[in-house]
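The values are calculated or read from the model by the stated rules, or taken from the named source; none is laboratory data. The structure presented is a predicted model; accordingly, all values stated were derived computationally and were not measured. Note: ideal-geometry Cβ built from the backbone for every residue, glycine included; neighbour counts use all protein chains shown. Each accessible area value is taken on the protein alone, full model and side chains, heavy atoms only, with ligands, DNA and RNA left out. Shrake-Rupley method; radii C 1.70, N 1.55, O 1.52, S 1.80 Å.
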Amino acid sequence: MIPEYGSKKFQCPHCETVATQEWFTANNASSTATKIINHLYLNYRAKIDDYSQGKISRFLEEIENSFSRNFYNFVPDGFAVATCSSCEEFTLWVNEEIVFPKKTTLPPPNADLSEDIKSLYLEASSILVDSPKGSTALLRLALQKLLEQVGKSGKNINGDIKELVAEGLSPKIQQALDLLRVVGNNAVHPGQINLDDNADVAQKLFGILNFIAEELLTKPKELEQLYADLIPTETQEHIKQRDGT
């Protein structure tokens, strides 16, 4: 749950916990302050003579009407703070946009991705909050380079996926590839998917890219290493002769 203005609960960028948030704005702060003053005077009124009660009532009415107007002199309009109930750290907002801290809780890029793909992944994560569309466009470029890493051209994503399917690609990986391809295309050439204000969709694509890397890079690498470690060299030669390779 990416932090969203006014949301009662989101994933805190400090402690990474999905926790309740307590909001402070000029509007709710002035209301809270007015309630405190009223409460103080309720206790005070019980100790004074009846003839002063009317003056106190008029004073409280005047405060309630003017306090909220004057409060904006101390707390600017558009300024807000959300405090995490879990770690008690705060996020700072201006005009409904988070300005501190500007980071998201994303997993690191798959270790088997090439360095240039990892760099694109990290760059995309750094702009996710400010530009979900830009972040998604970078992930589409990362997908192109990933297809190059697995031996395809990387010039035509759709054609590369078609080749992989013909080679026996798992339907789940095909869906993941097409998901990242289609949403990424919408980021580059706007279509039916609106990414302008949808950081949650963009955030999920990081997991999709890592899933693709896990299936196309990490698992084959682990299997190849296990095969080399456990199957004797002589047996490997027999298997090659059996299969004519």
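General remarks:
- With DNA, RNA and ligands ignored, accessible area of SER114 (1.4 Å probe; Å², nearest 10): 40
- The solvent-accessible area of ILE208, taken with every protein chain present and a 1.4 Å probe, is close to 40 Å².
- Segment 115-245 shape via C-alpha gyration tensor axes, a/c threshold 1.5: prolate
- Label point distance in nm, ILE37-VAL182, each placed 7 Å from Cα along Cα→Cβ: 5.8
- Heavy atoms of THR136 accessible to a 1.4 Å probe, total area in Å² rounded to 10: 0
- The label-point distance for ASN28 and SER119, in a model that sets each label 7 Å from Cα toward Cβ, rounds to 4.3 nm.
- Cross-link pairs exceeding 25 Å in C-alpha to C-alpha distance, out of LYS118/LYS152; LYS102/LYS145; LYS118/LYS219; LYS9/LYS102; LYS35/LYS102, comprise LYS102/LYS145; LYS35/LYS102.
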